[in-house]
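*Asks:* Dumping the structure here so I can ask a few things about it.
The values are calculated or read from the model by the stated rules, or taken from the named source; none is laboratory data. The structure presented is a predicted model; accordingly, all values stated were derived computationally and were not measured. Cβ placement follows ideal geometry from the backbone for every residue including glycine, while neighbour counts extend to all protein chains displayed. Just the protein is used for accessible areas: all its heavy atoms, side chains included, with ligands, DNA and RNA removed. Shrake-Rupley method; radii C 1.70, N 1.55, O 1.52, S 1.80 Å.
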Amino acid sequence: MPIAMIHIAEGRSEEKKHALLVNVTQAIAESLDAPVESVRVLIQEIPEIQWAAGGKTLAERRRGSV
């Protein structure tokens with residue numbers, strides 16, 4: 001049973017997250033020649049104040065703060 005864990009920043013619509021789940025499931029099933037029913041995909045959303053790169057949080061980057 002393949003399992004994929006995807007970490008994304010919070011803020012995307014339910015429709016976008018659903019599309020991600022469907023597309024990743026299909027890609028894994030095709031890549032591994034596995035039944036779609038056996039594929040598990042989990043999305044973990046990270047708050048923008050807990051996601052940082054280069055010492056700046058995503059919240060700071062979105063605000064344009066230094």
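*Asks:* Go through the stretch 9-19 and give me each residue that's aliphatic (A, V, I, L, M) and either out of contact with any Leu (no Cβ under 8 Å at 6 or more places or on another chain) or assigned to a helix (DSSP H, G or I) (or both).
*Replies:* Scanning the stretch 9-19 gives a single hit, Ala19.
*Asks:* List pairs: first residue in the stretch 26-49 and of a type in the set (Lys, Arg), second residue modelled with pLDDT of 95 or more and part of a strand (DSSP E or B) anywhere in the structure, Cβ distance under 6 angstrom, at least six positions apart or on different chains.
*Replies:* Arg40/Ile3
*Asks:* I need the full set of residues from the stretch 30-49 which are assigned to a helix (DSSP H, G or I), over 26 Å from Arg61 (Cα atoms) and touching a Ser or Thr at 6+ places or on another chain (Cβ under 8 Å), in order please.
*Replies:* Val36
*Asks:* Any residue at all in the stretch 23-36 that is modelled with pLDDT of 95 or more, in contact with an Asp or Glu (Cβ under 6 Å, 6 or more places away or on another chain) and open to solvent by 50 Å² or more (accessible area, probe 1.4 Å)?
*Replies:* No, the stretch 23-36 contains no residue that is modelled with pLDDT of 95 or more, in contact with an Asp or Glu (Cβ under 6 Å, 6 or more places away or on another chain) and open to solvent by 50 Å² or more (accessible area, probe 1.4 Å).
*Asks:* Scan the stretch 50-65 residue by residue and report those that are in a loop (DSSP other than H, G, I, E, B) and either open to solvent by 70 Å² or more (accessible area, probe 1.4 Å) or among the hydroxyl-bearing types (Ser, Thr, Tyr) (or both).
*Replies:* Within the stretch 50-65, Trp51, Gly54, Gly55, Ser65 meet the criteria.
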